[in-house]
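Working notes, structure below.
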Amino acid sequence: MRIESDIKLDFKDVLIRPKRSTLNSRNEVDVHRTFRFLHTGTEWTGFPLIAANMDVTGTISMARALGRFGALTALHKHYPERALVDFFASEDGAHAFYSIGTTEADFAKLAQVRKRTTIKHLCLDVANGYSEKFLDTVKRARDDSPDAIIMAGNVVTGDMTEALILAGADIVKIGIGPGSVCTTRKVTGVGYPQLSAIIECADAAHGLKGQVCADGGCTAPGDVAKAFGAGADFVMLGGMLAGHDECDGEIRYEERNGEKVPVGMTFYGMSSETAMKKYAGGVAHYRAAEGKTVETPYRGPVENTMGEILGGVRSMMTYIGATQLKEVSKRTTFVRVTAQTNDIFGG
Ligand code: 5GP
């Protein structure tokens, strides 16, 4: 047994220190980024936010709505072939990732879809990206799809980030345990504080000209800002995008003044009992029973929440004097705080 005694931090453990700047308004900042991907050599420009490939948030409606903000959606992997072909053949398909797991059935379905349309972005994820078999799957996906931008994960350390990039991933997805409906930390005791994971994995990925996507643990726009500050190229959101019209989920209504109004919506982890039951036997290997089901408040159209996230990121950029999103991590100094301080300031 060994103990690593370096301090590892979560979003709640830091704030971003303001810096002198000549920027006067949020309108002077550019929240878009352009990336050239390592394996494909292709470019992408947009607001680097990705809706999680979960049943509730990884929907076609979400991809259409976020596409208008230049953001992306990783579709969940349970859409039927025909729906996927129609969607990826449409203009909105450019704003989405096709998600696959590691089974033969996943690869066979992808091959069928690809016979009829082009898939530009692939998201290949498993709960634990540390197995040799997963590296082989990433290599296979790269051989299979030489022109697709591949995002693969999840891992939390620099060594495995490098391994995945060398195996063929353009973007490595970072996060084990931080998700809002994830119970991995509780059930298994395994995990890694998310802010430190992003810092360490971004450093490893950038050294090889790869990118990272910070996945999980953002509970407010300030956490998205901190993820970019830590070096995340992309940020993936589940819980923050749940509860909207564009989600797939059961809405709960309440009677108010004789009217039925929507008040809440179900949101569940992809390895929760809810997901297990839905895909009886189909999902058990994907996430090993480490998720829960919650009700989120109903929040109307997702454009409201996107406005808040964009507003938060823009404002952070003016506080630290970053004109462009790509300057943010260079201009970020985190100050360590107690969790209580963060609460007082609405963190
Ligand atoms: P959130 O933004 O809600 O904090 O985190 C979203 C992320 O949680 C997803 O992108 C995924 O990586 C992770 N996740 C989704 N469902 C589950 C689950 O059932 N168990 C675990 N351990 N993680 C999950």
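The values are calculated or read from the model by the stated rules, or taken from the named source; none is laboratory data. What you see is a predicted model, and the numbers here were worked out from it, not measured in a lab. Positions of Cβ are generated from backbone atoms using ideal geometry, with glycine treated the same way; all protein chains shown enter the neighbour counts. When the accessible area is computed, the model is the full protein with side chains, heavy atoms only, and any ligands, DNA or RNA have been set aside. Shrake-Rupley method; radii C 1.70, N 1.55, O 1.52, S 1.80 Å.
Observations on the model:
- Yes/no for ALA96 being free of Cβ contacts under 8 Å to residues at least 40 places away in the same chain, hydrophobic (A, V, I, L, M, F, W, C), under 18 Å from TRP44 (Cα atoms) and touching a strand residue (DSSP E or B) at 6+ places or on another chain (Cβ under 7 Å): yes
- Residues that are touching a Gly at 6+ places or on another chain (Cβ under 7 Å) and among the charged types (D, E, K, R), drawn from the range 140-199: ARG142, ASP170, LYS173, ARG185
- Total residues in the range 279-316, condition more than 11 Å from the ligand (Cβ to nearest atom), assigned to a loop (DSSP other than H, G, I, E, B) and either at pLDDT below 95 or among the small types (Gly, Ala, Ser) (or both): 7
- In the range 113-129, the residues that are within 14 Å of LYS77 (Cβ to Cβ) form Cβ pairs under 7 Å with partners that are assigned to a helix (DSSP H, G or I) and charged (D, E, K, R), at six or more places apart or across chains, as follows: VAL113/GLU81.
- The lone criterion from (1) under 19 Å from THR323 (Cα atoms); (2) surrounded by fewer than 12 Cβ atoms within 10 Å (Cβ to Cβ); (3) not charged (D, E, K, R) left unmet by ILE16 is number (2).
- For the range 216-268, taking the residues that are at pLDDT below 95 and part of a loop (DSSP other than H, G, I, E, B), the one that is nearest to the ligand (Cβ to nearest atom) is identified as GLY249.
- For the range 154-166, the criterion of a residue being within 16 Å of the ligand (Cβ to nearest atom), at pLDDT 95 or above, within 11 Å of the chain's Cα centre (by Cα) and outside any loop (DSSP other than H, G, I, E, B) is satisfied by at least one position.
- Pairs where the first residue, in the range 226-243, is surrounded by 24 or more Cβ atoms within 10 Å (Cβ to Cβ) and the second is basic (Lys, Arg) and at pLDDT 95 or above, C-beta under 6 Å, 6+ apart: GLY243/ARG299
- Among the residues examined, MET276 does not qualify as out of contact with any His (no Cβ under 6 Å at 6 or more places or on another chain), farther than 21 Å from VAL187 by Cβ and within 16 Å of the ligand (Cβ to nearest atom).
- Residue in the range 43-64 that is farthest from the ligand (Cβ to nearest atom), counting only those that are hydrophobic (A, V, I, L, M, F, W, C) and crowded, with 24+ Cβ neighbours inside 10 Å: ALA63
- Selection within the range 170-192 - more than 9 Å from the ligand (Cβ to nearest atom), part of a loop (DSSP other than H, G, I, E, B) and under 29 Å from LYS120 (Cα atoms): ASP170
- Verdict on ILE3 being buried (at least 20 other Cβ atoms within 10 Å of the Cβ), farther than 14 Å from PHE234 by Cβ and out of contact with any Leu (no Cβ under 9 Å at 6 or more places or on another chain): no
- When ARG68, ARG64, ARG36 are checked against the criterion of being out of contact with any helix residue (DSSP H, G or I) (no Cβ under 8 Å at 6 or more places or on another chain) and within 30 Å of GLY93 (Cβ to Cβ), ARG36 stands alone in meeting it.
- Those residues of the range 193-210 which are in a helix (DSSP H, G or I) and either in contact with a His (Cβ under 8 Å, 6 or more places away or on another chain) or open to solvent by less than 40 Å² (accessible area, probe 1.4 Å) (or both), in sequence order: GLN194, LEU195, SER196, ALA197, ILE198, CYS201, ALA202, ALA204, ALA205
- Looking across the range 25-63, the residues that are farther than 15 Å from ALA242 by Cβ and in a loop (DSSP other than H, G, I, E, B) come down to SER25, VAL29, VAL31, HIS32, PHE37, LEU38, HIS39, THR40, GLY41, THR42, PHE47, PRO48.
- Residue match in the range 300-308 (condition: of a type outside the set (Gly, Ala, Ser) and on the phi > 0 side of the Ramachandran plot): no
- Number of the exception - GLY207 against (1) within 11 Å of the ligand (Cβ to nearest atom); (2) under 27 Å from ARG142 (Cβ atoms): (1)
- Selection count where residues are out of contact with any strand residue (DSSP E or B) (no Cβ under 6 Å at 6 or more places or on another chain), over 27 Å from TYR279 (Cβ atoms) and touching a residue at least 12 places away in the same chain (Cβ under 8 Å), scope the range 33-66: 6
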